[in-house]
Structures are given as structure tokens and as C-alpha cells.
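Trainee: Sending over a structure as C-alpha cells; questions will come in a sec.
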Amino acid sequence: MSRIEDLSLNHITVTVDEDAIATVTLDRADKRNALNAASVEDLIAIFSLLPRAGVRAAVLRAEGPHFCAGLDLVEHHAEDRRPEDFMHICLRWHEAFNKMEYGGVPVIAALKGAVVGGGLELASAAHVRVADAGTYFALPEGQRGLFTGGGATIRVADLVGKARMIDMMLTGRVYQGQEAVDLGLAQYLADDTEAKAYEIARAAASNPPLSNFAICSAISHMQNMSALDAAYAESVVAGIVNTQPDSRGRLAAFADKSAARVRPTSG
Ligand code: 1HE
């Protein structure tokens, strides 16, 4: 399997434009894009393939007014799963989100409406999140008699801190819009989240793919290492990335003063 058009998908679609920007769409709006087992398999198939299909960046978006309502609670109820069944479900969620986070392709999430429970776990596996004023974030697991199982204890705690995550889970506290951005749940607030996500994706796609691979996998890996090992791994990655043929022209342009300089955003 190496062609995106050959993927057999259930609830998520994927297209790639002429600039090698992929659009991954949660396409189960009638169920608020709740993630059933089949949707998670779609995510695994898509994000396993994108890095090998020449894709330079991906925008993750959703049909309907909400980004994602998290775990499919109706399926979960109907399946009446045993502990070991749900443990294996969680391992598939981890597989999907690890493919996103560690795959080396920048993933930009265009958020809206509810980004809750497993929906926030999905969003937090993207590299950049864009919210609008109406986007709201919550972890209603406590109220549902559940616990996070898709990596929130790692990724959401990383974004907002342990104490805030515990409060969100205990009380169902909702963060929205600018306040959510201020806390780190998203990096951008925009009126048109999709337009902003594509702008970010195109900017990222103009970097050499090897640089993006390092940015979108090495940093996450290094966070799992001791400081000593991370520093060593950083030197190895930088040794490869910083001597790549693709960067020679960019360095030459800086040296001959034809490359753009880094300037402050105003003035
Ligand atoms: C669903 C789901 C779902 C909607 N599983 N079917 N997540 C939650 O606790 C969030 C649950 N959902 C909601 O709170 C609301 O649905 C929303 C705020 C997202 C949207 O509200 P609304 O008024 O637009 O829609 P609705 O009327 O509640 O739902 C519309 C349909 O979507 C309805 O189906 P229908 O067949 O009756 O039309 C709902 O059943 C369906 N739907 N959300 C299944 N989540 C790895 S562990 C992760 C643990 C968690 O994620 S816990 C958090 C779960």
C-alpha cells in the first residue's frame, strides 16, 4: 500500500493538492465526528502513509460545526467491552496519534466547536492547532465515568500542565477561544481557522522535508529521553539536517545577503 487513492477509508477522507499539501477531513458530522474503532483505523492508515507519499504538510479539519466529540460513547456502550478489549482499543488510538506526532510531516489542526475528550487527544497530536472564538476544549471523562485513553495524560498535560488537566477532568471545566490559546491548548486564534491552517501548512511546506522531519519527530522523541541522551540525539540529528544538500543554497543566500532577514513583527 503506497498510494493515497488506494486507501480504504470509513469515516475520514484525504486529498492531496498540487503543492503536496494533504487535507485530512473527519467526515462523520452526524455523530459530531466521534471516533469509533473504524475511524481510528482510518487515522492509522492515513498517517502511516502520508510520510511515505511525498506529502509536505497536512491540514486536519472536520465536517460539521464540531471538530471532534471524542470516543464514540454509543459504540463503547453497545460493545460492553472487557478491560482487555478497551486496553487494545487504546493501543490503536496511541498508534494513530503516534503516527501523527512522530511521522515527520507537519500536521496543522483547524479546530472549531467542540474539541473534547478524545477529540482533544486527537488535536493535541497535531503539531500546530488553530482555534476560533467559538472553539471549546474539555475533558468530560470524569462526568462520563471514564478516563482518558488516547494519550491525554501525556500530550494534554504537556500543553496545559498537570494541575490544570486534573481540574479539567474532575470538574468538566471548559476553556474557549482566546483563553484556551493563552493556556496553550492552541497556538493561533483566527476567524477562519482553515485559511490560517493552510497558510501555516504552506509556510511549513516551503522548508526542506528533512528539516521538517526533524522538527516534527525529533523534538517529540527527545522529550522522552534523559537530558544527556537528548543532547546526544540532538547532535546526531543536527549533524544530518544541518549538512543536507538542500540547505546549501539557503546558506549561500544568507551569506551573499540575498536571503530575507529575521525582523520583528511590527516596525
Ligand atoms: C456521539 C458523540 C460521542 C455526539 N459518541 N455519539 N465525549 C463526550 O463526552 C462528548 C459527547 N458529545 C457531546 O457532548 C455533544 O454531542 C457535542 C457537544 C459534541 C455536540 O452537541 P450537539 O447538541 O451538537 O449534538 P448531539 O445532539 O449531542 O449529538 C448529535 C449526534 O451525535 C447524536 O447521534 P444521533 O444518532 O442521536 O443523532 C449523538 O449521539 C452523536 N454523538 N457525540 C457517540 N462522543 C480513548 S478514551 C477517550 C475518552 C473520551 O473521549 S470521553 C469524552 C466523550
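Trainee: Please list, short to long, the whole-number percent of alpha-carbon pairs of segment 181-267 in consecutive 10 angstrom bins beginning at zero.
Mentor: Result, from short to long distances: 13, 29, 37, 20, 0 percent.
Trainee: Separate question: Around LEU91, under 14 Å between beta carbons, what's the net of Lys plus Arg minus Asp minus Glu among the other residues?
Mentor: -2
Trainee: A further question follows. In bins 5 Å wide, starting from 0, what share of all Cα pairs of segment 4-205 does each bin hold, as a percent?
Mentor: 1, 8, 17, 22, 21, 17, 9, 4, 1, 0
Trainee: Write down Rg/Rh for segment 101-146, rounded to two decimals, with Rg from the C-alpha atoms and Rh from the Kirkwood relation over Cα pairs.
Mentor: Ratio value, two decimals: 1.04.
Trainee: Highest mean first, how do 5-14, 155-164 rank when packing is the count of other Cβ atoms within 10 Å averaged over residues?
Mentor: Highest to lowest by the protection proxy: 155-164, 5-14.
Trainee: Please sort 184-190, 171-177 by packing, taking for each peptide the average over its residues of neighbouring beta carbons within 10 angstrom, highest first.
Mentor: My ranking of the peptides, most packed first, is 184-190, 171-177.
Trainee: Now for a separate question. Out of all DSSP beta bridges with both ends in the chain, state the antiparallel percent to the nearest 5.
Mentor: Restricted to the chain, the bridges split so that about 25 percent are antiparallel.
Trainee: Taking the chain as the reference, fit the longest principal axis to its C-alpha atoms, fit the long axis of helix 37-49 to the helix C-alpha atoms, and give the angle between the two in degrees, 0 to 90, nearest 10.
Mentor: Tilt of helix 37-49: around 10 degrees.
Trainee: Compute the angle between helix 83-102 and the longest alpha-carbon principal axis of the chain, please, reported from 0 to 90 degrees and rounded to the nearest 10.
Mentor: Once rounded, one gets 20 degrees.
Trainee: If you take every residue apart from SER124 with its C-beta less than 11 Å away from the C-beta of SER124, what net charge results, scoring Lys and Arg +1 and Asp and Glu -1?
Mentor: Combined, the nearby Lys, Arg, Asp and Glu give -1.
Trainee: State, as an integer percentage, the relative contact order of segment 4-205 based on alpha-carbon contacts under 8 Å between residues 6 or more apart.
Mentor: Once normalised by length, the contact order is 20 percent.
Trainee: Which residues' amide hydrogens lie under 5 Å from the amide hydrogen of ALA57, considering only partners 5 or more residues apart or on another chain, with H built in the peptide plane?
Mentor: Correct list: ALA22.
Trainee: Dimensions of segment 38-115 along principal axes (Cα, Å, largest first)?
Mentor: 41, 29, 15 Å, listed from the longest principal axis down.
Trainee: Using a cut-off of 18 Å between alpha-carbon atoms, which lysines can reach LYS31, once sequence neighbours fewer than 8 places away in the same chain are excluded?
Mentor: Within reach: LYS112.
Trainee: Helix 227-241 against the longest principal axis of the chain: what's the angle in degrees, Cα atoms only, rounded to the nearest 10?
Mentor: The two axes meet at around 50 degrees.
Trainee: Carbon and sulfur atoms: what percent of the 1.4 Å accessible area of the chain do they account for?
Mentor: About 55 percent, which is the carbon plus sulfur part of the accessible surface.
Trainee: Taking K and R as +1 and D and E as -1, what net charge do the other residues with C-beta under 15 Å from the C-beta of ILE108 add up to?
Mentor: Residues near ILE108 contribute -1 overall.
The values are calculated or read from the model by the stated rules, or taken from the named source; none is laboratory data. Note that the coordinates shown come from a computational prediction; the quantities given were computed from them, not determined experimentally. Cβ: placed from backbone, ideal geometry, glycine included. Neighbour counts: every protein chain shown. Ligands, DNA and RNA are excluded from the accessible area calculation, which covers all protein heavy atoms including side chains. Shrake-Rupley method; radii C 1.70, N 1.55, O 1.52, S 1.80 Å.
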